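The values are calculated or read from the model by the stated rules, or taken from the named source; none is laboratory data. Not measured: the values here are computed from a predicted model. In this analysis, Cβ positions are derived from the backbone assuming ideal geometry, glycine residues included, and neighbour counts consider all displayed protein chains. Please note that ligands, DNA and RNA were not included when accessible areas were found on the heavy atoms of the full protein model with its side chains. Shrake-Rupley method; radii C 1.70, N 1.55, O 1.52, S 1.80 Å.
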Amino acid sequence: MSQSPHAASSTQAQPAPTDLRSIGKLFPYLWEFRGRVLLALALLIGAKLAAVMVPLVLKEIIDALDKTKASLVLPLTLIIAYGLLRFASTTFADLRDVVFGKVTQRAMRRVSMAVFQHLHALSLRFHLERQTGGITRDIERGSKAISSLVGYLLFRITPTVLEILMVAVILFVKLDWVFGLITLVTLISYIGFTVTITDWRTQFVRRANALDSEAYGRAIDSLLNYETVKYFGNERYEASRYDLSLAEWERAALQSQRSLGFLNAAQAGTIAIGVTLMVIRAANGVVEGSLTLGDLVMVNAFLLQMFQPLSFLGVMYREIKQSITDVERMFTLLHRPREVEDAENAQTLAVDGGEVKFEHVNFSYNTDRAILHDVSFTIPPGKTVAVVGASGAGKSTLARLLFRFYDVNEGSIKIDNQDIRHVSQESLRAAIGVVPQDTVLFNDSIYYNIAYGRPDATRDEVIAAARAAHILSFIEILPQGWDTIVGERGLKLSGGEKQRVAIARTLLKNPAILILDEATSALDTKTEKAIQAELLEIAKSRTSLIIAHRLSTVVEADEILIIEGGRILERGLHPELLAQNGVYALMWAMQQQAEED
C-alpha cells in the first residue's frame, strides 16, 4: 500500500538503539553447533599461539647467526620450526573459518526465517502501514550483519586483543617492563580513541542508513505504483521526491565520511607514536649492549604482527557497531508484538456443517471511529447470506473479522458454536476460502498462482478448478499456456483474468466456508453471469458469505442483509425486501434504472 513520506519516516526510518544485548540474542542460534564453535575457538587460540611464537623463534635464529665464533652452525632446526609455525598460524586460521562457516550461515538462515515467519504472523494493520522497501532493506542488512558481527567479534577483535596482551607479557618478561607498558598504553589509547570517536559518529551512520532505507522504500513504492505514476504524468514529481531523499542521505553520508577521516587520523597517530617509542628503545638497547640484534628483530616483528591487525581494529569496531545496529533493527521486527494471537490452549477448529454466527459484534479500527455496531446474524450450514450496502458501510470488515485479521472489540464470532478466538488461526483459516475484490497474484506462472490454493493438488485438480472458474480456455490459447508469467502483482493480466485466477485457486482450496468479497466486480456482464451461476452452485454445498454492491448478484441468497453505518437496517429474502419498500427496494430500483440507461 502506498504511504506518505511522513508516515514512512515515522514507522520505518527511526533508528533502533544500538544494544549489546543483540549479541546475546544471537547466542542460541550459534550454540546449536556448540561442537563446531568450541573447535573453532581452539583453532583460533592455536593460530595465535603459533603467531606469537614466530618472532621468538626468529630472534633465536638471528642470535644464532650473529655469534662471533670461528665457525657458525646453520640453525636448521630453528628455521624448520619457524616455517612450521608460520604454516600453523595460517592453516589454523583457515581451518577455523572452514569449521565455523556452517555456524554463521545457519545462524543467518535461522534468523532470516524467524523474521520472515514473524512478519507473516503480524496483523493486517502492520502490513497496511508498512513500507515494503524499508523493511526489505532492514532484513537484508540485518542478515548480512550477523555474519559480520560474529566474524569480527569472535575472530578479529578477540584474537587481536589476546595477541597484544600475550605480546605485552612476553616483552615484559624477556626484555623489560617499559616495552610491556608502551604496548599496553598504546593499546588502551587506541581503543579509547576508537570507541569514543566511533560512538560519536554512530549518529551519522545511523541517520545515513535510515535515510538510505527511506529512499529505497520510496523508490520501491513508486515502481510498484508505476501505472498510477503514468496516469497522472508524475514522473518528474516522483524523481524529485526520490532525489530529495537521496540529497538528505548524501548530507548524512558526508558527515559520516568526514568523521571517519578524523577517526583514521587519530588511530594512525596513536600507532605511529607507540611504534616509534618501542623502536627507539630497542635500538638504544642494542647500542648499549643490553639487547641483542635478535631482540631488535623480535621487537620489530612483534610490532608488525601486532599493529597490523590493530590498524584494522577501528574498522572492525565500526563494523561491529553498525552490525549491532542492523541486527537490532531486524530483531525489532522479530519482537514486534502480534495484534492477533492464538489463545494459550487454542484448539483445532472442528467444522461440522460450518454454521457461522455473529453475536452482538462491535468493532473499530481506531478508538475514535466505530465501524460495526451490535451486528448479529447467523449463516446456517450450507446456506448463503449476502451483505450489501454503500462503500464504507462495514461489509468487508465482516469478512476480515471472520478470517480473524482482527479481533472483535465486543461480542463474538462463532463457527459451529466455537468462538474463533479460542481456536488456532491456522485451523480457522484452513476452513475458510476468500475471493477478494482486489486480487494480488505472485510474479510467477498462472499454474503456480492457481495451484497456490492447495500446493499439493494434482495437475488434473488444478485444471478442474480453472475450468470451474471459466479461465481454462483463456489459458490454453496463451503462447506459453500454463507457464505464462503473470507479472508483479499480476499486472500482465486484466482485472477480470486476475479475478478468475483468484476464484480458481479458492475453488481448489475447497473450503467449508466461502467468502466472496465483490468477487465478480471486475468481470464483464456475460462472464459475470457465467461465473456467478457457477459460484452459486458451489456455494450451495458450503456456508457462504457474499459481500456485494451489485444487487443482481445476490438475489438468490438465503438471506440478504443491508448494512449502513455499521448497522443492519434490513434483512430478508429478495422478494421480502422489495415488498418492504425500504432501503433495499430503493437500491434495487436505482441499479435497475442504471442498467436500463
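One table, with the values for the structure above:
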read-out: Helix-derived mean residue ellipticity, 222 nm - over the chain, DSSP H n ≥ 4, -39500 (n - 2.57), to 500; value: -21000 deg cm²/dmol
read-out: Sequence-distant aspartates and glutamates (8 or more away, or on other chains) whose Cα lies within less than 17 Å of LYS48; value: ASP94, ASP97, GLU163
read-out: Folded to 0 to 90 degrees: helix 495-509 orientation relative to the chain principal axis, Cα; value: 80 degrees
read-out: 1.4 Å probe accessible area per residue over the chain, in Å²; value: 50 Å²
read-out: Dipole of the stretch 336-492, positive direction: furthest Cα of LEU402, ASN362, PHE474, with charges on the beta-carbon; value: PHE474
read-out: Amide H within-cut-off set for GLU564, under 5 Å, with H built and near neighbours excluded; value: LEU569
read-out: Candidate values (1) 215; (2) 254; (3) 176, label of the one derived for volume of the Cα convex hull per residue in Å³; value: (1)
read-out: Carbon plus sulfur fraction of accessible area for the stretch 385-438, probe 1.4 Å, in percent; value: 44 percent
read-out: Estimated vicinal HN-Hα couplings, Hz - the stretch 559-568 in sequence order (Karplus 6.51, -1.76, 1.60; Gly, Pro = x); value: 7, 10, 10, 10, 10, 9, x, x, 10, 7
read-out: Accessible-area value, ASP243, 1.4 Å probe, nucleic acids and ligands omitted, Å²; value: 90 Å²
read-out: Euclidean distance of C-alpha centroids, the stretch 417-491 and the stretch 318-337, integer Å; value: 36 Å
read-out: Packing-based order for 442-455, 279-292, using average beta carbon neighbours within 10 Å, highest first; value: 442-455, 279-292
read-out: Two-site label geometry, GLU576 and LEU304: point separation in nm, points 7 Å out along Cα→Cβ; value: 9.7 nm
read-out: Net dipole in debye of the chain [+1 Lys, Arg Cβ; -1 Asp, Glu Cβ; about Cα centre; nearest 20]; value: 2340 debye
read-out: From phi via Karplus (6.51, -1.76, 1.60), per-residue ³J(HN,Hα) for the stretch 287-301 in Hz, x at Gly/Pro; value: 4, 7, x, 7, 10, 8, 4, x, 5, 5, 5, 4, 4, 4, 5
read-out: Candidates per chymotrypsin sites (Phe, Trp or Tyr not before Pro) in the stretch 231-333, loop by DSSP, up to 13 other Cβ within 10 Å; value: PHE232
read-out: Kirkwood estimate for the stretch 379-532, i.e. one over the average of 1/r between Cα atoms, Å; value: 16.6 Å
read-out: Interchain or long-range residues, amide H under 5 Å from THR543's placed H; value: GLY382, LEU514
read-out: Extreme residue, positive dipole direction of the chain, given options ILE562, VAL98, VAL462 (C-beta unit charges); value: VAL98
read-out: Accessible-area composition of the stretch 133-269, carbon plus sulfur, in percent [1.4 Å probe]; value: 64 percent
read-out: Vicinal HN-Hα couplings computed from phi for the stretch 97-104 (Karplus, 6.51 cos²θ - 1.76 cosθ + 1.60; Hz; Gly/Pro x); value: 5, 5, 5, 8, x, 5, 4, 5
read-out: Protection-proxy order for peptides 545-553, 182-190, 220-228, each taking the mean of Cβ atoms within 10 Å per residue, highest first; value: 545-553, 182-190, 220-228
read-out: Amide hydrogen neighbours beyond the local backbone of GLU355, cut-off 5 Å, H modeled; value: ASP416
